[in-house]
Amino acid sequence: MNKDNSYNNKNQENDNNHYVGFGVGLGLIGGSLFATVIGIVFGLMGDSLFPMVIGIGAGFGMLLGIVIGAVMDYNKNKN
């Protein structure tokens, strides 16, 4: 009986960072899509920075997703 309670408590502790994972995934996808659009616009202007823009955009999108997810988790756990 005691083993089940410790297992449930451990699962509750692991569920505290629920939104960070969603933030990372959605930030990576959103940043890549945004960078693709920006890269295409600059590509039409003659610059060949498309691969670098994709990498930087995905990285910043993921960073923004981590920050937003952490703030949402902090507000959820505070209550």
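Below, the figures for the structure above:
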{"quantity": "From LEU28, LEU33, residue being at pLDDT 75 or above, surrounded by fewer than 16 Cβ atoms within 10 Å (Cβ to Cβ) and within 20 Å of the chain's Cα centre (by Cα)", "calculated": "LEU33"}
{"quantity": "Selection from region 50-75 of residues that are touching a helix residue (DSSP H, G or I) at 6+ places or on another chain (Cβ under 6 Å) and under 14 Å from ILE40 (Cα atoms)", "calculated": "PHE50, VAL53, ILE54, GLY57"}
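The values are calculated or read from the model by the stated rules, or taken from the named source; none is laboratory data. All values reported here derive from a predicted model rather than from experimental measurement. Glycine gets a Cβ as well: all are built from the backbone with ideal geometry, and neighbour counts include every protein chain shown.
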